[in-house]
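Notes for the one structure printed next.
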Amino acid sequence: KCRTGPLDIVFVIDSSRSVRPFEFETMRRFMMDIISNLDVGPNATRVGVIQYSSQVQNIFSLKTFFTRADMERAINSIIPLAQGTMTGLAIQYAMNVAFSTQEGARPLHKRIPRIAIIVTDGRPQDRVTEVATQARNAGIEIYAVGIQRADMNSLRAMASPPLEEHVFLVESFELIQQFAKQFQDKLCGVDMCVEREHGCQHSCVSTPGSFYCECNPGYRLNVDGKTCSPIDACADGRHGCQHHCVSLRGSYSCRCRAGYYLSQNKRNCIMIDYCSFGNHSCQHECVSIPNGHYCRCRSGFTLQPDSKSCRATDLCNGVDHGCEFKCVSTEGSYHCVCPEGQQLQADGKTCSKCGAGHVDLVMVIDGSKSVRPQNFELVKQFVNRIVDLLEVSPQGTRVGLVQYSSRVRTEFPLNKYHSADEIKKAVMDVEYMEKGTMTGLALKHMVEHSFSELEGARPLSHNIPRIGLVFTDGRSQDDISEWARRAKESGIVMFAVGVGKAVEEELRAIASEPVEQHFSYSADFTTMTHLVENFSLNICPEEGKGETEIRSPCECEALVQFQTNTVAILQSLTEKNILWARALAQMTARLEDLEKQIANKK
């Protein structure tokens, strides 16, 4: 057996069409004869095999098998590729893949020799000189074995120096098995740890023609390459201890600061839960801290001087406020608020969506190649978040969607769907187009088709606002100026959203005046969701109510309606909490003053 030390050996076998079946069998035998004399194992010699012709095929890698029997079975199952002779490609694969640590090669700092045995019968059909040089410079020792028709110049270009020890030419396939014994002697050599006085303090590892010293676990090799020193396992910072690392000879242990104990993984520290002892006497919540605890009150309550009991200060927490979105406490009172883009209804509790006004909204989204599939899914989610702000119905808000790249496609017109759920499902079913970025063509399509009455836009005489929202991630490949101008001249309020490499100049050209309120930008797709709030603030307040008449707030009918609504709100609040009584009295007095003013004017 070859017991001079561990090796990483990869056989690179030529299985081109020039190698006849019976000849390939002798190559199998050659590999198995060499393997039979190696001391194989995970900590000894590792073996890998690749075959090549016009392509490269990995038979098994250095980490696949560690017994000769498994290796021989895999070698016997090889089916020759029988194509061209791309030897350079095979060397490139061996260097980049077969000898990588991911495929089982030991790291270079362990100084395990990396040996490639190339067996070929012909002239390479690609260049080998440059890639072979790169492989040798990467630390791979190359043996070039040529059989019968092999080209000697190519063998010499591939092999490591000295060439007389690394280049072999066998006259025929029948002689390769006899050559295996000669090659085995060349590969193994002598055990240098036995033949020489190595001087290693701990252990000696033999390699072909040389040796090196290794230290026992917990020690490192000194600069003299022979003696060993204990390793401070804490010094390299890789111990993983959360708090403190205590170095031992060749090892370490983790310790925790006061108030913590070591977890089961022996690295992380867990704070002692003093609250779990059951003697804290906190009225609401007990919070553990290192070396102790403190009491904390729930939201709307204040901790009392005894540091244990709590008293309510948040009326929202103590009454049935009925707020749809959020209750906000004030001193001695509370009121309801709504999220951005929604308004508080007359009952003082519920919130309205953007549908308080009616719009025809067409969204034009960029489906070009630069967007990429995963980001296109984020765009669709962005569209659906805008839909969530709207109150969709045939008489309320209508939504259409257009996608563009090198061409334009109407995904669905304004009159296609009549509910938000239908629209959101249709949006998620939209397929990504890819290709170019023809924003100008998309604007033309929107003006000429999307806002036509045929596709569901309501007549201009109905005074329904028309809103166009253009979403893009890059520079347009056509001119946008003319159709951006026409869109605005036709009465469409234009919003422009840019992401990533979108061009600000183009976004401003698309957006309506004032531009700052009608264009937005986000650096990437994952952070663009905040733009939805911008649209809720800019789109919703500008929406009209169709043909609804807008009356002066000073007219008598408006004042009566205002009084009726106010009284209804005050009555509702009075039922909920006696604290509103003071506010009711003030509001009633205010109304009486307003009535007197009206009477005086008449």
For the list (1) surrounded by fewer than 17 Cβ atoms within 10 Å (Cβ to Cβ); (2) within 33 Å of the chain's Cα centre (by Cα), I need the number of the one condition that ALA69 fails. (2)
Which of (1) under 22 Å from ASN137 (Cα atoms); (2) in contact with a helix residue (DSSP H, G or I) (Cβ under 9 Å, 6 or more places away or on another chain); (3) among the hydrophobic types (A, V, I, L, M, F, W, C) does MET71 not meet, given it meets every other one? (1)
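Each row is one residue, and each column tells you yes or no for (1) open to solvent by less than 40 Å² (accessible area, probe 1.4 Å); (2) not in a strand (DSSP E or B).
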| residue | (1), (2) |
| --- | --- |
| SER288 | yes, no |
| SER299 | no, yes |
| ARG311 | no, no |
| CYS336 | yes, no |
Quick check on the range 259-281. Is at least one of its residues open to solvent by less than 80 Å² (accessible area, probe 1.4 Å) and in contact with a helix residue (DSSP H, G or I) (Cβ under 8 Å, 6 or more places away or on another chain)? yes
Any helices (runs of 4 or more DSSP H) falling wholly within the range 389-497 and containing at least 2 residues that are within 24 Å of LEU378 (Cβ to Cβ) and out of contact with any strand residue (DSSP E or B) (no Cβ under 9 Å at 6 or more places or on another chain): 420-428
Scan of the range 500-523 for residues that are in contact (Cβ under 8 Å) with a residue 60 or more places away in the chain and open to solvent by less than 10 Å² (accessible area, probe 1.4 Å), ordered by number: ILE510
Residue list for the range 81-111, restricted to those being part of a loop (DSSP other than H, G, I, E, B) and either open to solvent by 50 Å² or more (accessible area, probe 1.4 Å) or within 17 Å of GLN125 (Cα to Cα) (or both): LEU81, ALA82, GLN83, GLY84, THR85, MET86, ARG111
Only listed residue being under 28 Å from the mean Cα position of the chain (by Cα) and under 13 Å from LEU361 (Cα atoms), chosen from VAL470, VAL503, VAL499, VAL430: VAL470
Take the residues of the range 338-374 that are part of a helix (DSSP H, G or I) and modelled with pLDDT under 85: which is surrounded by the fewest Cβ atoms within 10 Å (Cβ to Cβ)? ALA356
Selection from the range 205-233 of residues that are surrounded by 15 or more Cβ atoms within 10 Å (Cβ to Cβ) and at pLDDT 85 or above: TYR212, CYS213, GLU214, CYS215, LEU221, LYS226, THR227, CYS228
Within the range 313-334, restricting attention to residues that are of a type in the set (A, V, I, L, M) and not in a loop (DSSP other than H, G, I, E, B), which residue is modelled with the highest pLDDT? VAL328
Residue hits (the range 221-250; farther than 21 Å from HIS109 by Cα, part of a strand (DSSP E or B) and of a type in the set (Gly, Ala, Ser)) are SER247
Just to check your reading of the model, which residue among THR64, THR101, THR26 is over 37 Å from the mean Cα position of the chain (by Cα) and hydroxyl-bearing (Ser, Thr, Tyr)? THR26
Exactly one condition in (1) exposed (fewer than 14 other Cβ atoms within 10 Å of the Cβ); (2) touching a residue at least 60 places away in the same chain (Cβ under 8 Å) is false for LEU315; which is it? (1)
In the range 249-304, what count of residues is obtained for those that are among the basic types (Lys, Arg), out of contact with any Cys (no Cβ under 8 Å at 6 or more places or on another chain) and under 30 Å from CYS316 (Cα atoms)? 0
Sort out which residues of the range 262-291 are farther than 21 Å from GLY237 by Cα and either aromatic (Phe, Trp, Tyr) or out of contact with any Lys or Arg (no Cβ under 9 Å at 6 or more places or on another chain) (or both), and write them in order of number. MET271, ILE272, ASP273, TYR274, CYS275, SER276, PHE277, GLY278, ASN279, SER288, ILE289, ASN291
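The values are calculated or read from the model by the stated rules, or taken from the named source; none is laboratory data. All values reported here derive from a predicted model rather than from experimental measurement. Every residue, glycine as well, gets a Cβ built from its backbone with ideal geometry; the counts of neighbours run over all protein chains shown. The area values use the complete protein model at the heavy-atom level, side chains included, leaving out ligands, DNA and RNA. Shrake-Rupley method; radii C 1.70, N 1.55, O 1.52, S 1.80 Å.
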